[in-house]
Amino acid sequence: MRLNLFWKLGFAFFALLIAVLLPVDFYAERALRRDYESAGFEQLSAIARIALANPPQTSSLATAPSAPVDRLALRDWVAKMAASTVRVTVIATDGQVLADSQSDPSTMENHAGRPEIRDAFAKGDGQSIRYSVTIKRNLLYYAVRLSSAGAPPVVLRFALPLQTVDQAIGEFRQRLWLASIVMLLVTGTAHFTVVFGSCRPAHEVFSARRARRFSPH
């Protein structure tokens, strides 16, 4: 009887714990992801402001630089901006990639249809969260329009891997479930002790009554 009661109460407690943890896990993941994404976009926006204040010094950014000195200057500027651990891309008005800190521009697709690029050319800036077909990863993208006197504008785009967000959420989830398992073991042990302790007097009383009932008078 004691074992049946123990397991019934144990399963009820476990079900209650799962019922509490699943919503906590769901809402905590959403809140953490939202906070990390917001912080990521703020970081990219800050880098974009620095880039606009220190734009690449080349004779023309409207098309792919043909002069070796211009290509070198643009590569150096992209590498300098990418030192902040972000991916940097320069895109012309027709969507042609002029420079990229992680890939060869000549092998990259036309970027005219990318949502953040469209918004940047139309409104001055744009952002998106999506999968990069170039480097095969999910990224946070932030793009700004750079206008030069007497030349068509270009877009400077900056990106951070979403992997850092997923990693942080994964670590939080591990800590949450580990703490929950420890709590389950501790409370389960305490529950086992209390149940067996409370059942013992009842069992002794039942045994005594039974003994008196069948004892000879």
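Taken together, the values in this text are just the output of simple stated rules run on the coordinates, not laboratory data. What you are looking at is a predicted structure, and each value in this text was computed from that prediction instead of being measured. When we count neighbours, we look across all protein chains shown, and the Cβ atoms used for this are built from the backbone with ideal geometry, even at glycine.
Quick look at the values:
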item	result
Loop-located trypsin sites (Lys or Arg not before Pro) in segment 130-159 whose Cβ has at most 11 other Cβ within 10 Å (DSSP)	LYS136
Between segment 70-105 and segment 25-39, the alpha-carbon center distance in angstrom	30
Per-pair calculated FRET efficiency, R0 = 41 Å: VAL24 and ILE135 via Cβ, rounded to 0.05	0.75
Of ALA112, VAL133, GLY150, farthest towards positive along the dipole that unit charges on Lys, Arg, Asp, Glu beta carbons give segment 54-161	VAL133
Förster-model FRET efficiency, 30 Å R0, ALA46 and ASP104, C-beta, rounded to 0.05	0.60
Residues TYR142, TYR27 arranged by fewest to most Cβ contacts within 10 Å	TYR27, TYR142
Translational diffusion of segment 111-190, µm² s⁻¹ [Kirkwood Rh, Cα pairs; Stokes-Einstein; 25 °C; 0.890 mPa s]	157
Dimensions (Å) - segment 54-161, Cα atoms, principal axes, largest first	34, 27, 25
Distance in nm between pseudo-label sites at ALA151 and LEU176 (7 Å out along the Cβ direction from Cα)	4.9
